[in-house]
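Comments concern the structure below.
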Amino acid sequence: MWESRFIESGPMAENLSVLVVDTATRRAIVALVRGGIVVAEAFHEQPTTHAERLVAMTTEVLERSGAGLESIDRLAIGMGPGSFTGVRVGMGFAKGLGFARGIGGVGVMSLEAMAYAARRIVGARRVFSLLDAKKGEVFVASFDGQGRRGLGPEHLARDRVQRWMDTVEPWGKRVVVGEVAEELDLRNVELIRDRSCDLPGAEAMAALAVARAASDDLALLEPLYVRPPDITQPAG
């Protein structure tokens, strides 16, 4: 069973209701965010069951929030990077909802959502976001104090992350987010551990989706894989 939360809505900064769907990482999230406030959220951390649980999680969130799909103004869709299968599952499901109900959507990069949440904690500073890419690699990207993307996203061997950060920011202590960072031998970093930025979070994803124009043609939204899929072409 997944975990779920219900949070009473407070004063609304915006009137938009955003349905967040993200299965790019090991944590699958479905959440209803209204006026910047997470009204209801369901999540679980068993990656092999993301696909089979999405419908039930969405139903749970809509029932707890007292909302119907007709009241959703925008979709915030996790576009990766992350698990190849996870990215496809979440994007395919969210696109299906959008097509069926005529809801526009915004693709949100996992690493950007983590950096956004981190700036809520550390202020306007450069943030390095890290995600476990498996196979001894890490997805990395840097974002400046205003949220503008610097280098990345790209995938690096774990032992190359320190050198990459040294190149991007040679001096000063670097703000780093992502639960995988604790597994790396990183020097001169300020590691921020918080649920909101260990992995992509609903509040940050919704905020980024609200700040951008939604696409009415969801077919234009593409997954962000960063590295090639692990497939081989048949001989001949």
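The values are calculated or read from the model by the stated rules, or taken from the named source; none is laboratory data. Keep in mind that this is a model prediction, so the values were computed, not measured. Quick reminder, even Gly has a Cβ in these numbers, built from the backbone with ideal geometry, and neighbours come from all protein chains shown. SASA here: full protein model, heavy atoms, side chains in, ligands and nucleic acids out. Shrake-Rupley method; radii C 1.70, N 1.55, O 1.52, S 1.80 Å.
Looking only at the range 114-130, decide whether some residue is without any contact (Cβ under 8 Å) to a residue 40 or more places away in the chain, in contact with a Lys or Arg (Cβ under 6 Å, 6 or more places away or on another chain) and surrounded by 16 or more Cβ atoms within 10 Å (Cβ to Cβ).
no
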Scan the helices (runs of 4 or more DSSP H) fully inside the range 50-139 and keep the ones with 1 or more residues being farther than 25 Å from Asp194 by Cβ and modelled with pLDDT under 95. 50-65, 84-101
Looking at (1) buried (at least 24 other Cβ atoms within 10 Å of the Cβ); (2) at negative phi, which is the one condition that is false for Gly80? (2)
Quick one: Leu199 ticks every box in (1) buried (at least 16 other Cβ atoms within 10 Å of the Cβ); (2) without any contact (Cβ under 8 Å) to a residue 40 or more places away in the chain; (3) farther than 19 Å from Arg126 by Cβ except a single one, so which number is it? (2)
Inspect the range 26-42 for any residue being assigned to a helix (DSSP H, G or I) and free of Cβ contacts under 8 Å to residues at least 40 places away in the same chain and give the result as yes or no. no
Any residue in the range 153-163 that is free of Cβ contacts under 8 Å to residues at least 60 places away in the same chain, under 20 Å from Ala204 (Cα atoms) and within 18 Å of the chain's Cα centre (by Cα)? no
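If I ask for residues that are of a type outside the set (D, E, K, R) and within 16 Å of the chain's Cα centre (by Cα), which ones from the range 184-198 would you list?
To start, the set of residues in the range 184-198 that are of a type outside the set (D, E, K, R) comprises 184, 186, 188-189, 191-192, 196-197.
If the condition is that a residue be of a type outside the set (D, E, K, R) and within 16 Å of the chain's Cα centre (by Cα), then Ser196, Cys197 are the ones that fit.
Please determine, by comparing only the residues of the range 53-71 that are under 21 Å from the mean Cα position of the chain (by Cα), buried (at least 17 other Cβ atoms within 10 Å of the Cβ) and among the aliphatic types (A, V, I, L, M), which one is farthest from Leu32 (Cα to Cα). Please lay out each step first, then the result.
The first filter runs over the range 53-71 and keeps only residues under 21 Å from the mean Cα position of the chain (by Cα), leaving 53-62.
Of the ones still in play, those that are also buried (at least 17 other Cβ atoms within 10 Å of the Cβ) are 53-54, 57-58, 60-62.
Among the residues that remain, those that are also among the aliphatic types (A, V, I, L, M) are: 54, 57, 61-62.
Details: Leu54: 14, Met57: 11, Val61: 7, Leu62: 7 Å.
This residue is Leu54.
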Search the range 48-67 for residues that are over 15 Å from Val87 (Cα atoms) and pair each with any residue that is surrounded by 12 or more Cβ atoms within 10 Å (Cβ to Cβ) and basic (Lys, Arg) when their beta-carbon atoms are under 9 Å apart and the residues are at least 6 apart or on different chains. Arg64/Arg5; Ser65/Arg34; Ala67/Arg34
Filter result for the condition that a residue is at pLDDT 95 or above and either in contact with a His (Cβ under 8 Å, 6 or more places away or on another chain) or over 20 Å from Val33 (Cβ atoms) (or both), over Ala181, Ala219, Ala202: Ala181
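Answer yes or no: is there a residue in the range 206-217 that is of a type outside the set (A, V, I, L, M, F, W, C) and surrounded by fewer than 12 Cβ atoms within 10 Å (Cβ to Cβ).
If we filter the range 206-217 for residues that are of a type outside the set (A, V, I, L, M, F, W, C), which is where we start, we get 212, 215-217.
With the extra rule that they be surrounded by fewer than 12 Cβ atoms within 10 Å (Cβ to Cβ), the set shrinks to 216-217.
Within the range 206-217, one or more residues are of a type outside the set (A, V, I, L, M, F, W, C) and surrounded by fewer than 12 Cβ atoms within 10 Å (Cβ to Cβ).
Take residues that are among the aliphatic types (A, V, I, L, M) and tell me which of the helices (runs of 4 or more DSSP H) falling wholly in the range 153-223 contain 1 or more. Give the derivation first.
Details: elements: 161-168, 195-198, 202-210.
So the answer is 161-168, 202-210.
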When Trp164 is evaluated against the numbered criteria (1) open to solvent by less than 90 Å² (accessible area, probe 1.4 Å); (2) out of contact with any strand residue (DSSP E or B) (no Cβ under 7 Å at 6 or more places or on another chain); (3) not polar (S, T, N, Q), which criterion, by number, is the only one it fails? (2)
